[in-house]
Amino acid sequence: MNKSIKELHELLKNKETTSEELIKESLTKSHEINAKYNAFVTILDNAQAKPITNELLSGIPFGVKDNFSTKDILTTGSSNTLKNYVPFFNATVVEKLLEKGAIIVNKTVLDEFGMGGTGTTGHTGIVKNPWDPTKMCAGSSAGSACAVASGVYPFALGSDTGDSVRKPAAYCGIVGYKPTYGMLSRYGLFPFASSLDHVGVLTRRVLDAAIVVDAMKGQDPKDMTTWDSSHINLTKSLTGNVKNKKLFYIKEICDINNYENPSPTLKEHLKNFHETLKLFSKSGVEIEEVSIDIKLLEAIASVYTIISCAEATSNMSNLTGIIFGPRGTSNNVTEMIKEHRTKGFSPLIKRRFIIGSYVLQKENQEKYFKNAARVRRLIVDKMKELFKTYDALILPVGSGPAKPLKGSIDVMDRVANIIEEHLQIANFGGFPSITIPDGFINNLPVGINITGNCYTDENVLNLAYALESLMPYKGQIAKEVSK
Amino acid sequence: MKKQIPVIGLEMHCELKSNSKVFSRAKNAYSEIPNVNISAVDMAFPGTLPVVNKKCVADALKVSLILNCEVPEYLVFDRKNYYYPDLPKGYQITQMAKPVGINGHIDIEVNDKLIPVLIHDVHLEEDTASLDHYFDTTTIDYNRCGVPLLELVTEPCFHSADEAVAFIEHMRNIYRYCDISDADTKKGEIRCDVNVSIMDEDSKELGIKVEVKNVNSISGVSETIKYEISRQTKLKEEGRYNEVVQETRRYDEETGTTIRMRSKEDAIDYKYFIEPNIPKFKITEKWLSILKNEIPKLPLERKYNYLNNYGLSNYDASIIIKEKAISDYFEECLKLGIDPKVSANWIITQILGYINKNDTSIDKISFTPSKLKELTDLIASNTISSKQAKDIFNKVIETKKEIKDYLTENTQISDSNELETIIDKILANNETQIKEYQNGRTNLFDYFVGLVMKETKGKANPVLTKELLTKKLQG
């Protein structure tokens, strides 16, 4: 299970291994990882092997974040409000993977309904980082990232509303990719914030990410925001040739002189980033520094909070316990709904609902929600303008490696806040965005992110593929660091 | 007290016809069996997404065009958020910011006079589930959940129950003409919210507006308006106008009154915002012109055409335009060259008579306009009498046979040679009577006519018979 999809496919084809064996190994590993890091809501011990065909994914096990609807398999969204919910239909992307012959072996833990970035708010408890169990995986696709990094299977599904695929990927030392908005169907993905939600994938190799997304993509008559991507072949686009490609990074984020009191970790993180840029330049790409109005960058986090909370409060209004989920005991319908929601949701989510309601109220909507939408547009327009000159944006992920699960959270200055939140730009614009491993700081993995304009997934993936080839982290498996 | 002028505005909801629901693939059909026409989308199972039914949008745009509205450049939907068990998603997909039509107007006829009606907007949305309340329990039927609903909001421009009712009937007729909806109030396909206020005759300021929700019949609308006008006027007369407050009431069918639901202070903030799962969709001029061409000629236009160009009476024209199929039948008759008044007469007395008696409809009967043409031509050529024509009509429509199948037994004998032979035979057997007649008993003429009729079983052409008899008897 430490191998790539292509390697596994070859082994299966040549009958050097069987689908049964892979499933057995994956399940054994699942139980082991779950005991250590608590990555799964459900482990499917009765997962059945499938015949090996010419499809690269046939016979190969994978994991599904527990906010994707899976037919006849418990799907909780890591929330008590759906702790007993067994869907009767598959999410479109799940259905496509099953059609290709892949096998679900587990459902992975997330921050409740994807609404968190720590992997600590799921109803089954916190997910620990496989490199260091005292650290977080980040979220919300915590379980998927943990499992792929641990070598449970070559890929798992994630969803990404702010950075929920790309940040856990960085913290766990793997690849996290979310394609252009609408390339993958959201039908069957439990919504957090529909205009920001993306389906994504976690793998250990860029090529695997391309293979899995190629298998899932396509216009879905059940999701009006999907578009026809039949002319795009991600797997074939990975040539490694990136000569004369132009990239930019944002000065305000990457220049250590912009930080008032940079921590040693941040210093090392940015140094590491710039070294990687130098390395990348050798392959023929041009990388330039671009300065962006700091006010625009500072607004990212607020814009994200306002829009995501507003959409979330509406999206989750279906969770009343009347049609599905544990029903309240009162005879009065309002009380019934109140009981279900009061008992079911964690405090963090309730806080988000209150923010969402507040910014949508008639008297506040113009000031908060509509202004947030306007600023979102300004940020996206600025990026699109830059994408006219540059093929992609390259930035470090977060302010360093995985943060501790316990203890004081670093007091961050205002710029440090931007470095933590900038991945949300790709959600604002629906941009294709991929995180790949970029070495280690304090023995823990850090990530680097490449983001491009909408519909340029092939370009973004090929850049990531080229950079990945220059570094020794491709396919790495997490091993606990000794203290 | 000064004379009071009532001011009324309507919100008219109409369920649209379509194969599937407005945002899901479930069947859009009325069913007595609850929860059979439902899908995961209607029930708001997690992860489901709306998909817009283009046919419903097309129909909504047609109504917008008919109402002379401004149509937006892009089709956009909004969410209206509130918790209620009839709304599984916790929000209704509707149109708030950019409805399919705004600022429209249409003329309607009230007691044979035209009045203008101003349209605030018309928007497409989804219906909610239906709740049935019993003694200690309530049941939910999701069949109706997601059924396309067109809401038409007028400005407060009506001044009587009659005007409001005329508008609803006018629109109902338009929906049926366009085959957009059956607009059947018995199935709850038309539901109204009614806003009523009163104001001093010479005032420019509107009075306090009371909104009455969920009035589900046309007679209910009329009763609601009349009741509210009298309730508000009475309070004003008694100097208690401060008791008329801006509030939401509901119509109580049993008592014909309205009952307070909630005050304006309790009004719900629906927290509208754009529906992110439906990408904005360009409404092209090309599409609009295609839709425009699909709109049939509407009843009022037809009526004036019949009055002004075909000399029909107001009464006849009104009956003929009541249903598009009848009006189409009439126009087909005109095309075939049947006299307009003759056509109208036949349709109203014979055809509609038959239809009402047999509970059928004009597009289902076998008696086509071309048959009517054949029949009226036979009358015009004196081949048959009107009475015979009616007999033939009754037989043809019943047996679905051809007119000619009944012609021989009903045809008048108008051939003078044939008649002469018959008359000669009769006269040869009545010589005494001939003499008496010739001696001055002229009233015997009718006796001879009677004999001819008896001999021909009434088929002798009476005019020709009389002509021939006169000639023969004069010797």
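The values are calculated or read from the model by the stated rules, or taken from the named source; none is laboratory data. Remember, it's a predicted structure, so these values are computed and weren't measured experimentally. FYI the Cβ positions are ideal-geometry reconstructions off the backbone, even for glycines, and counts take in every protein chain you see.
Report those strands (runs of 3 or more DSSP E) wholly inside the stretch A:71-181 carrying at least 3 residues which are at pLDDT 95 or above and under 24 Å from A:PRO326 (Cβ atoms).
Details: elements: A:103-108, A:132-136, A:155-160, A:175-178.
Ranges flagged: A:103-108.
For the stretch A:246-263, state whether one or more residues are out of contact with any Leu (no Cβ under 9 Å at 6 or more places or on another chain), outside any loop (DSSP other than H, G, I, E, B) and closer than 20 Å to A:GLU468 by Cα.
Filtering the stretch A:246-263 down to residues out of contact with any Leu (no Cβ under 9 Å at 6 or more places or on another chain) leaves A:246, A:251, A:257-258, A:260-261, A:263.
Applying the additional criterion that residues be outside any loop (DSSP other than H, G, I, E, B) yields A:246, A:251, A:257-258.
Pick out the ones that are also closer than 20 Å to A:GLU468 by Cα and you get A:246.
Yes, the conditions are met somewhere in the stretch A:246-263.
Answer yes if at least one residue in the stretch B:254-262 is surrounded by 14 or more Cβ atoms within 10 Å (Cβ to Cβ), more than 14 Å from chain A (Cβ to nearest Cβ) and among the acidic types (Asp, Glu), and no otherwise.
no
Check whether at least one residue in the stretch B:51-62 is within 12 Å of chain A (Cβ to nearest Cβ) and surrounded by 21 or more Cβ atoms within 10 Å (Cβ to Cβ), and report yes or no.
Applying the first criterion (within 12 Å of chain A (Cβ to nearest Cβ)) to the stretch B:51-62 yields B:51-54.
Then drop every residue that is not surrounded by 21 or more Cβ atoms within 10 Å (Cβ to Cβ), which leaves B:51, B:53.
Checked the stretch B:51-62: at least one residue is within 12 Å of chain A (Cβ to nearest Cβ) and surrounded by 21 or more Cβ atoms within 10 Å (Cβ to Cβ).
Looking at B:THR128, B:THR139, which is the one that is in contact (Cβ under 8 Å) with a residue 24 or more places away in the chain, over 18 Å from the mean Cα position of the chain (by Cα) and assigned to a loop (DSSP other than H, G, I, E, B)?
On the way: B:THR139 fails: assigned to a loop (DSSP other than H, G, I, E, B).
Within the list B:THR128, B:THR139, the selection yields B:THR128.
Just the residues that are facing chain B (nearest Cβ under 8 Å) and in a helix (DSSP H, G or I), please, taken from the stretch A:317-361.
If the condition is that a residue be facing chain B (nearest Cβ under 8 Å) and in a helix (DSSP H, G or I), then A:SER317, A:ASN318, A:VAL333, A:THR334, A:ILE337, A:SER357, A:LEU360 are the ones that fit.
Among the residues of the stretch A:362-381, which ones are within 9 Å of chain B (Cβ to nearest Cβ) and either of a type in the set (S, T, N, Q) or under 19 Å from B:TYR82 (Cα atoms) (or both)?
A:LYS362, A:GLU363, A:GLN365, A:PHE369
Given the stretch B:339-391, what helices (runs of 4 or more DSSP H) lie entirely inside it while holding 3 or more residues that are within 25 Å of the chain's Cα centre (by Cα) and free of Cβ contacts under 8 Å to residues at least 12 places away in the same chain? Break it down into steps so the answer makes sense when it comes.
Working: elements: B:340-345, B:352-358, B:369-380.
Here the list reads B:352-358.
Okay, residues lined up against (1) closer than 19 Å to A:PHE68 by Cα; (2) buried (at least 24 other Cβ atoms within 10 Å of the Cβ); (3) β-branched (Val, Ile, Thr); (4) free of Cβ contacts under 8 Å to residues at least 40 places away in the same chain:
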| site | (1), (2), (3), (4) |
| --- | --- |
| A:GLY139 | yes, yes, no, yes |
| A:ALA142 | yes, yes, no, no |
| A:ALA147 | yes, yes, no, no |
| A:PRO154 | yes, yes, no, no |
| A:SER164 | yes, yes, no, no |
| A:ALA169 | yes, yes, no, no |
| A:VAL175 | no, yes, yes, no |
| A:LYS178 | yes, yes, no, no |
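Filtering the stretch A:44-97 down to residues that are hydroxyl-bearing (Ser, Thr, Tyr) and away from chain B (no Cβ under 12 Å), which residue is surrounded by the fewest Cβ atoms within 10 Å (Cβ to Cβ)?
Per the criteria, the residue is A:THR53.
For the list (1) assigned to a strand (DSSP E or B); (2) touching a Lys or Arg at 6+ places or on another chain (Cβ under 9 Å); (3) closer than 19 Å to A:LEU207 by Cα, I need the number of the one condition that A:GLU55 fails.
It is condition (1) that A:GLU55 fails.
Considering only residues that are hydroxyl-bearing (Ser, Thr, Tyr) and not in a helix (DSSP H, G or I), which ones fall in the stretch A:1-35? Step through it out loud before you land on a result.
Keep residues of the stretch A:1-35 that are hydroxyl-bearing (Ser, Thr, Tyr), which gives A:4, A:17-19, A:26, A:28, A:30.
Across the stretch A:1-35, the qualifying residues are A:SER4, A:THR17, A:THR18.
Mind listing whichever residues of the stretch B:435-456 are surrounded by 13 or more Cβ atoms within 10 Å (Cβ to Cβ), farther than 15 Å from B:THR470 by Cβ and free of Cβ contacts under 8 Å to residues at least 12 places away in the same chain?
The one that is surrounded by 13 or more Cβ atoms within 10 Å (Cβ to Cβ), farther than 15 Å from B:THR470 by Cβ and free of Cβ contacts under 8 Å to residues at least 12 places away in the same chain: B:GLU436.
Given (1) over 30 Å from B:ASP86 (Cα atoms); (2) touching a residue at least 12 places away in the same chain (Cβ under 8 Å), identify the lone condition not met by A:GLU339.
So A:GLU339 meets the others, but not (1).
B:GLY47 is checked against (1) surrounded by 20 or more Cβ atoms within 10 Å (Cβ to Cβ); (2) out of contact with any Leu (no Cβ under 6 Å at 6 or more places or on another chain); (3) free of Cβ contacts under 8 Å to residues at least 60 places away in the same chain and fails just one. What number does that condition carry?
(2)
So, of the residues in the stretch B:22-50 that are facing chain A (nearest Cβ under 10 Å) and touching a strand residue (DSSP E or B) at 6+ places or on another chain (Cβ under 7 Å), which turns out to be nearest to A:ASP197 (Cα to Cα)?
Restricting to residues being facing chain A (nearest Cβ under 10 Å) and touching a strand residue (DSSP E or B) at 6+ places or on another chain (Cβ under 7 Å), the top hit is B:GLY47.
Residues checked against (1) within 14 Å of chain A (Cβ to nearest Cβ); (2) modelled with pLDDT under 95:
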position	(1), (2)
B:LYS264	yes, yes
B:TYR272	yes, no
B:LEU300	no, no
B:TYR304	no, no
B:ASN309	no, no
B:ASP316	no, no
B:ILE319	no, no
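Report, ordered by the first and then the second residue, all pairs with beta carbons closer than 7 Å, sequence separation of six or more or different chains, a first member in the stretch B:79-102 that is at the interface with another protein chain (Cβ under 8 Å from one of its Cβ atoms), and a second member that is in a loop (DSSP other than H, G, I, E, B) and at pLDDT below 95.
These pairs meet every condition: B:PRO85/A:ILE322; B:PRO88/A:ILE323; B:GLY90/B:TYR83.
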